[in-house]
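In what follows, a single structure is set out as structure tokens and then discussed.
The values are calculated or read from the model by the stated rules, or taken from the named source; none is laboratory data. Values in this document were obtained by computation on a predicted structure and should not be read as measured data. Cβ: placed from backbone, ideal geometry, glycine included. Neighbour counts: every protein chain shown. The area values use the complete protein model at the heavy-atom level, side chains included, leaving out ligands, DNA and RNA. Shrake-Rupley method; radii C 1.70, N 1.55, O 1.52, S 1.80 Å.
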Amino acid sequence: MGSRQIKALFGGIFGHFLLRIFVIQLLSALLIIGCMLPYFSQWMTQMQREQGNSIAQALIAATHAAISGTNTLSLETYTKQLLQRQPDIRYVVFNLPKQQDMAISQQHVIKQRQNLPFLGATDLRSTQTLVSHSQFIPTGLPLNVEDQFLFSTTFNSQSNAIGRISVAYRNQSFFSLMQAYFAQFALVLLGSVCLGLFLFFLFSRKIRQQIHTFSYVARQLSRGELTTRAPEKAIGEISLLSKSVNKMASNLEAQSKHLTRMAQMVAQTNDAFVLFDHGFNFSFANAALQKLTGYSAQAFEQADLKSFANTLQLDIGNLKQALLMMQVNMSSAFNQDILLTRRDGHTLHVHCRLEQIYDDETDIEHYLLVLSDISQRKSLERELHSLAYFDKLTGLPNRRMFIDYLVKRIKKAERTPCPFALFFMDLDDFKNINDTMGHEAGDVLLQQVAKRLKEIFRSTDLVARLGGDEFIVLIENTNAPDPVDLALLAGKAIQMLSSHPIVLNGRALTIGTSIGIALYPDNGVDTDSLVKNADTAMYAAKKSGKNNYAFYNESMNIALREYLEIETDLKSAILAHDQLQLHYQPIVDLHNKHMVGVEVLARWLHPTKGVISPSKFINVAEKTDLILTLSERLLNQAFRQAKTWQSRGFKHYVSVNISVRQFEKPNFINMLTSLILDYEVDPSKLQLEFTEGVMLDHSDITFEKFEAIKSLGFRVAIDDFGTGYSSLSYIHKLPIDVIKIDQAFVANLLNNEKSQAILSAITQLCNQLGIQTIAEGIELNTHETLLIECECQYGQGYLYDASMLLHQLEDKYLPLFPEESLAFAEAEVTE
Ligand code: C2E
Ligand code: CA
Ligand code: CA
């Protein structure tokens with residue numbers, strides 16, 4: 001056992017108990033000894049008395065004759081021998097009945113008459129007694145009479161006391177005897193104390209170990225090893241203590257973990273935590289402060305809240321107010337999105353929160369400033385705002401923003417009258433460009449147009465894109481300070497858009513625009529009616545010839561209504577079967593005026609409105625999917641007619657108009673194939689007319705489709721050549737059989753020599769390439785003459801024939817037997 005262990009053993013609670021147990025045992029031993037002391041002396045006296053008695057009785061027996069006789073010599077001798085054997089006896093006194101009294105010690109024999117004082121005490125005569133009274137001691141004894149005990153008893157003869165014998169003991173021997181006894185007793189007691197302590201030591205091993213473990217655990221805990229736990233399976237209170245300490249440790253551990261987590265959070269969070277003391281002096285900042293601002297916490301060591309805010313150029317105005325509020329009223333906290341300036345000079349959007357923190361312990365308030373980077377949120381907000389309010393493609397405000405603006409503008413005008421105007425703008429034939437050149441090209445065009453519109457209008461006027469190819473402009477303060485000439489402005493806008501072609505995929509496109517103008521308050525005092533009326537005016541402008549503008553007037557609504565009516569009626573017309581008819585216009589050889597083919601033209605026999613021209617309803621149909629059903633029906637009718645004529649042996653071809661939408665349908669080629677099969681018609685007797693819009697898309701699909709149409713055996717014609725996006729390049733590339741020169745071009749021939757030259761060039765080129773040319777809209781003989789001069793081969797027009805009904809055509813060009821004619825007429829009706 002080392003000194004440390006000894007120290008641990010006796011220095012600890014065990015030593016404490018050991019000492020106390022020792023003291024307790026010792027005290028109780030002393031108490032026992034103290035209590036036993038009177039009994040000891042009693043026992044001693046008893047022993048002495050018995051010893052005295054036995055000695056006296058022995059003396060009496062041995063010296064009986066001498067006592068009762070007169071020969072005291074033998075008495076003396078015997079007694080002296082006894083005294084030599086018994087050194088504790090100092091002397092023996094005989095009070096003899098007939099003789100003198102005798103006191104015998106080892107050295108002396110004193111004889112006296114019967115007046116020895118010890119006989120005077122009557123109580124001594126009858127009882128055996130141990131006394132220490134000096135008065136009973138014979139005076140002549142040369143002994144220290146104080147130092148003795150005296151045993152005294154009578155001796156009898158025939159039951160009568162006849163004398164007395166007293167034995168005197170040394171006082172000292174009595175005490176030494178007692179001492180010896182007592183010492184042994186004390187030794188035994190002490191031994192038992194030691195044994196007790198030893199047994200305590202032995203049996204307290206377990207408890208000592210448990211206490212030791214417990215104190216070890218406590219030490220570990222105190223060092224911060226909070227995961228240490230005391231064994232709970234222990235004795236009594238140690239177990240309880242262990243449990244309590246373990247619970248405490250668990251709580252502390254949880255708390256410390258919580259605190260660690262909190263500290264980690266504060267250290268690692270992206271939000272800057274800046275603590276100011278009650279005097280608004282900087283006291284702490286986490287690492288995020290540097291990340292956020294570029295300034296380390298040290299930079300602010302001497303700073304107060306004000307200089308902190310100044311360094312970061314925080315908008316402290318509101319902060320100050322919040323602080324004042326805080327000082328007055330605990331609950332108020334500063335909570336705002338603000339802008340801070342980083343060390344590198346860049347600004348950053350942050351959410352700033354200043355809160356009062358109350359320290360319970362110190363009873364002092366602190367101020368916590370939390371700065372969170374919200375730049376991402378801000379940019380997202382901006383993005384969302386721009387998504388919601390700006391058109392992604394052109395960057396112009398969108399419909400929603402425009403309407404919001406218009407609402408505000410109207411409110412403003414309601415307070416102080418200041419009229420304004422709306423320009424509703426729609427690009428002419430944009431759909432064609434989009435459909436044929438692809439959406440990407442269309443997008444580029446729209447971007448270019450948006451750019452131009454911004455240049456055309458004043459910065460105070462709001463230019464927005466409503467969607468598709470529709471733009472709207474709010475022309476501000478049309479009356480003041482200088483009245484705006486809206487007609488002039490609209491004309492200028494149209495001119496600026498159309499005079500400089502926009503180059504797309506290497507092709508220059510002229511942009512026509514139709515503008516509808518509505519005035520506030522004359523044409524409407526709310527957003528809906530203003531926009532709607534501007535839109536109506538735009539339609540009117542478009543109808544009156546594209547690239548035009550129109551001011552809104554009441555009658556326009558009627559036209560619009562008509563348009564909408566056509567749309568609804570057209571649906572039922574398609575269902576009604578008998579409302580859609582085909583008319584036929586001959587195509588003639590300009591040289592001999594013989595009919596070479598027939599163009600099939602649609603007519604709508606409206607039940608109430610009469611015959612409606614395709615130029616009215618095809619447009620409407622093209623704006624919806626109606627065109628597909630309509631075209632398919634017309635195509636079927638045309639094929640059926642072609643088949644009839646074919647079976648009758650006529651050589652003329654039938655020319656059919658194909659709309660762009662129809663051509664674009666993925667199953668267009670399949671449809672043509674099944675039409676050939678269904679009607680068993682020779683495709684070379686069918687001419688398909690496509691407008692130039694179909695060709696504008698230079699995609700492979702377009703070329704492939706044309707190749708497919710050609711390989712099926714159809715005649716391919718380009719309709720309305722010379723009006724749209726004329727380009728001769730595709731003439732080489734595409735398998736074209738015919739070019740139909742537009743009637744506008746033909747009409748121009750008379751007063752424009754340049755047109756003649758162009759026409760000649762085109763026809764010559766076509767002739768070289770083996771492409772036929774058909775001129776449309778020939779109304780006059782001069783047209784014919786000029787066309788023949790220009791080497792145009794074929795023609796179509798009122799000069800020869802307008803479009804006519806089947807029977808009219810057949811009567812004139814394809815005479816039939818009467819029965820045959822009847823049969824076909826019936827077939828027409830049943831469709
Ligand atoms: P388009 O293909 O250019 O047809 C020629 C148009 O000019 C026809 O008008 C015809 O009646 C008219 N016309 C013929 N000769 C003369 C003339 O000497 N002077 C004048 N001023 N006009 C003449 P229509 O029948 O009203 O057809 C208009 C347009 O409707 C057609 O123009 C064509 O693009 C389209 N269309 C007609 N029928 C169909 C059809 O079945 N399907 C498709 N997709 N479009 C059709
Ligand atoms: Ca045509
Ligand atoms: Ca035409």
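Alpha carbon centre of the range 479-509 versus the range 442-469: separation in Å?
11
Calculate, in whole percent, how much of the Cα-Cα pair population of the chain lies beyond 48 Å. Numbers along the way, then the final one.
Details: 217852 of 344865 pairs.
Tail of the P(r) past 48 Å holds 63 percent of the pairs.
Check the straight Cα-Cα distances from residue 111 and name the lysines below 28 Å, setting aside those fewer than 8 residues away within the same chain.
80, 98
So what are the ³J(HN,Hα) numbers for the range 703-709, from phi and the Karplus equation (6.51, -1.76, 1.60; θ = phi - 60°), rounded to whole Hz, Gly and Pro as x?
Each residue's phi maps through the Karplus curve to give 4, 4, 5, 4, 4, 5, 4 Hz.
R0 = 22 Å: FRET efficiency of residue 107 with residue 81, Cβ-based, nearest 0.05?
Working: r = 14 Å, r/R0 = 0.63.
Taking R0 as 22 Å, the efficiency between residue 107 and residue 81 is 0.95.
Per-residue ellipticity at 222 nm for the chain, helices alone: DSSP H runs ≥ 4 residues times -39500 (n - 2.57), over residue total, nearest 500 deg cm²/dmol?
One gets -16500 deg cm²/dmol as the mean residue ellipticity at 222 nm.
Can you give the relative contact order of the chain as a percent, counting alpha carbon pairs under 8 Å and 6+ residues apart?
About 5 percent, as a whole number.
Give me the distance in nm between label points sitting 7 Å out from Cα along the Cα-to-Cβ direction at residue 703 and residue 665, one decimal.
Taking the two extended label points, one gets 2.6 nm.
Can you give the local net charge around residue 676? Use residues other than it whose beta-carbon is closer than 13 angstrom to its beta-carbon, Lys and Arg +1, Asp and Glu -1.
So the surrounding residues net to 0.
With a 1.4 Å probe and every protein chain kept in, tell me what percent of the accessible surface of the chain is carbon plus sulfur.
Values: 23970 of 43230 Å².
Ligands and nucleic acids excluded, carbon and sulfur reach 55 percent.
Suppose each label sits 7 Å from its Cα in the direction of the beta carbon; what would the residue 31-residue 376 distance come out to in nanometres?
With each label point 7 Å from Cα toward Cβ, the separation is 8.1 nm.
If you add up the charges near residue 560, with Lys and Arg at +1 and Asp and Glu at -1, over every other residue whose beta carbon is less than 12 angstrom from its beta carbon, what do you get?
Working: positive: 532, 542, 543, 561; negative: 535, 554, 562, 565, 567.
Net local charge, residue 560 excluded: -1.
How tilted is helix 614-623 with respect to the longest principal axis of the chain? Cα atoms for both, answer in degrees (0 to 90, nearest 10).
Tilt relative to the chain: about 10 degrees.
Could you state the accessible area per residue of the chain in Å², with a 1.4 Å probe and every protein chain left in place?
Here the per-residue accessible area is 52 Å².
Using only the Cα atoms, work out Rg/Rh for the range 409-493, with Rh taken as the Kirkwood radius, to two decimals.
For the range 409-493, the value is 1.07.
In whole Hz, with x marking every Gly and Pro, tabulate ³J(HN,Hα) for the range 273-283 from phi via Karplus 6.51 cos²θ - 1.76 cosθ + 1.60, θ = phi - 60°.
Values per residue, Gly and Pro as x: 9, 10, 9, 10, 7, 5, x, 6, 8, 4, 10 Hz.
Using the structure shown, list the pairs from 542/705; 378/451; 392/454 with a Cα-Cα distance above 22 Å, or answer none.
On the way: 542/705 32 Å; 378/451 28 Å; 392/454 16 Å.
The pairs that break the limit, which is 22 Å between Cα atoms, are 542/705; 378/451.
Quick one: which of 616/812; 431/609; 532/665; 431/546; 206/243 span more than 21 angstrom between C-alpha atoms?
Pairs exceeding 21 Å: 616/812; 431/609; 532/665.
Counting Lys +1, Arg +1, Asp -1, Glu -1, what net charge surrounds residue 465 among other residues with beta carbon under 15 Å of its beta carbon?
My count for the surroundings of residue 465 gives -2.
Take the alpha carbon atoms of the range 190-222, find their center, do the same for the range 523-577, and report the distance between the two centers in whole angstrom.
Centre-to-centre (Cα) distance: 109 Å.
Run the numbers for residue 447 and residue 232: contour at 0.36 nm per residue of separation, minus the present Cα-Cα distance, in nm.
Contour length minus Cα-Cα distance gives 69.3 nm.
Which value, in debye to the nearest 20, gives the size of the charge dipole of the chain about its Cα centre, when Lys and Arg are +1 and Asp and Glu are -1 at the Cβ?
8760
Starting from the amide H of residue 366, placed 1.01 Å from N in the peptide plane, find each other amide H under 5 Å away whose residue is 5 or more places distant or on another chain.
Long-range HN contacts for residue 366: 357, 358, 359.
Which of the aspartates and glutamates could a cross-linker bridge to residue 685, judged by Cα under 18 Å and excluding same-chain residues fewer than eight apart?
589, 599, 707, 719, 737, 810
Taking the simple approach of a point 7 Å from Cα along Cα-to-Cβ for both residue 298 and residue 336, what is their distance in nm?
A separation of 3.3 nm, rounded to one decimal place.
On a 0 to 90 degree scale, rounded to 10, what angle separates helix 73-85 from the longest Cα axis of the chain?
Tilt relative to the chain: about 20 degrees.
Which FRET efficiency value, to the nearest 0.05, is calculated for residue 205 and residue 267 with the Förster distance at 56 angstrom and r the Cβ-Cβ distance? Each step should come with its number before you reach the end.
Values: r = 49 Å, r/R0 = 0.88.
The value I calculate is 0.70.
May I ask you to derive the FRET efficiency for residue 399 and residue 678 from their Cβ-Cβ distance with R0 = 41 Å, giving the value to the nearest 0.05?
Plugging the Cβ-Cβ distance into 1/(1 + (r/R0)^6) gives 0.30.
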